[in-house]
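Chemist: Here it is: the structure, laid out below.
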Amino acid sequence: MDPTALPMFMRHNPQLNKNGELIHLLSTEGLSRDLIMHILDTASNFVSVSDREVKKVPLLRGKSVFNLFFENSTRTRTTFEIAATRLSADVINLDIARSSASKGESLLDTISNLSAMAADLFVVRHSESGAPYLIAQHVAPHVHVVNAGDGRHAHPTQALLDMYTIRHYKRDFANLTVAIVGDVLHSRVARSDINALTTLGCAEVRVVGPKTLVPADMAHMGVRVCHTLDEGLRGCDVVIALRLQNERMSGALLPSSQEYFKRFGLTPERLLLAKPDAIVMHPGPINRGVEMDSAVVDGPQSVILSQVTFGIAVRMAVMSIVAGNEA
């Protein structure tokens, strides 16, 4: 499903109830600045839970969280599982490869059957853009849906943990220049990050990559398009590198991964174009020697591992907020 041609119901905002409270998290698009800041502030309260001897709070005690990952994931699925467990929820990981979905059962029939097992919250990752929206339209009012990545459309919790990381290191968005480098064409993270960054009032957002990997209509999202790394990195405060999503590419969009690294790979030398205190981020998994040199991944400006740590707190915040609001 083309994310630029989403069904009409996705153009409304089914994430919010009549009081403007978050009942599902499907996209960063349509979230207000105040709501994003509320999520980030809530996450701040959960960061310290990791340092406790007993790493649990009782906010979702008695609730059942179903992780439905129709696409493979390690980092996202694991952090959602840890987050739900730390909220004291009962966590059920559906093995899609052995589920009825693999035998031809429809997505909505799968959801109906799981809902009959007293599910309270579905965390959904799916290869089709719009799948979490479809589920949110059909679940009971007391059931909540969190999008863990759908097709090429959105990855809202990744964007929110990126925003948390940026705020942690840079404090304020107003004067920041952020460069998003790489395979923007296939990236749901890029779209979600751009929506969040512009909503939070970031001074300038740049998308940087070869013409074959940057959609022609990106400028309408309020970003500056750069097709050379030098232009994209110069004077920026934050660099977000994206993975080359070879599994989503059709046709020869790049000569080779080596050629990509030669032109757009982050190295310590190229990073000198950014501000001296610029931070480097990546949603993972990282292809070392393709998106960035190991010296950058492991270097002093990298905050990639902090992103993973903050991701648990952000996902705790999202689940606790949506589960606390009714339709």
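Residues checked against (1) without any contact (Cβ under 8 Å) to a residue 40 or more places away in the chain; (2) within 16 Å of the chain's Cα centre (by Cα); (3) open to solvent by 50 Å² or more (accessible area, probe 1.4 Å):
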residue: 27; (1), (2), (3): no, yes, no
residue: 39; (1), (2), (3): no, yes, no
residue: 50; (1), (2), (3): no, no, no
residue: 63; (1), (2), (3): no, no, yes
residue: 73; (1), (2), (3): no, yes, no
residue: 76; (1), (2), (3): no, yes, no
residue: 80; (1), (2), (3): no, yes, no
residue: 94; (1), (2), (3): yes, no, no
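Chemist: I want to confirm something. Restricting to the stretch 141-155 and keeping residues that are closer than 17 Å to residue 72 by Cα and surrounded by 24 or more Cβ atoms within 10 Å (Cβ to Cβ), which single residue is modelled with the lowest pLDDT?
Modeler: 153
Chemist: Then there's this: Which ones in the stretch 108-131 are closer than 15 Å to residue 151 by Cα and not hydroxyl-bearing (Ser, Thr, Tyr)?
Modeler: Within the stretch 108-131, 123, 124, 125, 126, 128, 130, 131 qualify.
Chemist: Just checking, how many residues over the stretch 216-235 are of a type in the set (Lys, Arg) and within 18 Å of residue 186 (Cβ to Cβ)?
Modeler: 0
Chemist: A follow-up question, please. Out of the stretch 312-327, which residues are over 16 Å from residue 34 (Cα atoms) and open to solvent by 10 Å² or more (accessible area, probe 1.4 Å)?
Modeler: 312, 320, 323, 324, 325, 326, 327 - these are the residues of the stretch 312-327 that are over 16 Å from residue 34 (Cα atoms) and open to solvent by 10 Å² or more (accessible area, probe 1.4 Å).
Chemist: Same structure, new question: Restricting to the stretch 271-292, and then to whatever is of a type in the set (D, E, K, R) and over 23 Å from the mean Cα position of the chain (by Cα), can you tell me which residue is farthest from residue 77 (Cα to Cα)?
Modeler: Residue satisfying both the conditions and the ranking: 275.
The values are calculated or read from the model by the stated rules, or taken from the named source; none is laboratory data. In this text, all values refer to a predicted model and were calculated from it rather than measured experimentally. All Cβ positions, glycine included, derive from the backbone under ideal geometry; neighbour counts span all protein chains shown. These accessible areas exclude ligands, DNA and RNA; they are computed on the full protein's heavy atoms, side chains included. Shrake-Rupley method; radii C 1.70, N 1.55, O 1.52, S 1.80 Å.
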